[in-house]
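The block underneath contains the structure these notes are about, expressed in structure tokens.
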Amino acid sequence: MEKSVKVKKPTDEVLIRNAFNALRMEQKQLATKLSEIELDLNEHNTVIETLKKLDGGRKCFRLIGGILVERNISDVLPTLIKNSGEMRKIINTLNDQLTKKGTEINEFKQKHNIQVGGRGFSPMMTETVEGQSGEKKMNMEV
């Protein structure tokens, strides 16, 4: 005898929940990356300010790809300044992406009538409720 296994097709609510969770995860990843780069930029700025006060011929050490190399301050300082400028550009780009992702999430919430509550930590749809005007709203716990 063969047993037939029934595979449930995901419902629209499950698909919407998964899409919403994916959008929020992307937003969280962008925010985390932005925070990391801002911390790196602050460290670079601290080092730059410290090295500017010192003689350019003085030895300093720099970690490049996991290898500690000996250089002069006059060799390292321009590279650090260039890197900090690049980090500022990346931060601006990530800020723009984060803003766009927030807008995308808000549009998704409006399109699918998602209401986010505040009891848990991860979004979960709890039920579909028919509103006063007849539209269906999905209640989610966050």
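Every read-out reported here was derived from the displayed coordinates using simple, explicitly stated rules and does not represent laboratory data. Just so it is clear, the model here is predicted, and its values are computed rather than measured. We place every Cβ from the backbone using ideal geometry, glycine too, and count neighbours over all the protein chains shown.
Restricting to segment 24-41, and then to whatever is free of Cβ contacts under 8 Å to residues at least 12 places away in the same chain and either of a type outside the set (Lys, Arg) or touching a strand residue (DSSP E or B) at 6+ places or on another chain (Cβ under 6 Å) (or both), can you tell me which residue is farthest from residue 87 (Cα to Cα)?
Within segment 24-41, the match that is farthest from residue 87 (Cα to Cα) is 25.
I need the full set of residues from segment 62-84 which are within 32 Å of the chain's Cα centre (by Cα) and exposed (fewer than 12 other Cβ atoms within 10 Å of the Cβ), in order please.
If the condition is that a residue be within 32 Å of the chain's Cα centre (by Cα) and exposed (fewer than 12 other Cβ atoms within 10 Å of the Cβ), then 63, 64, 65, 66, 67, 68, 78, 82 are the ones that fit.
With the requirement that a residue be part of a loop (DSSP other than H, G, I, E, B) and surrounded by 11 or more Cβ atoms within 10 Å (Cβ to Cβ), what does segment 41-57 give you?
Correct list: 54, 56.
Do we have residue 80 as of a type outside the set (Lys, Arg), without any contact (Cβ under 8 Å) to a residue 60 or more places away in the chain and not in a helix (DSSP H, G or I) here?
no
Just checking, which of 21, 92 is touching a residue at least 60 places away in the same chain (Cβ under 8 Å) and part of a helix (DSSP H, G or I)?
21
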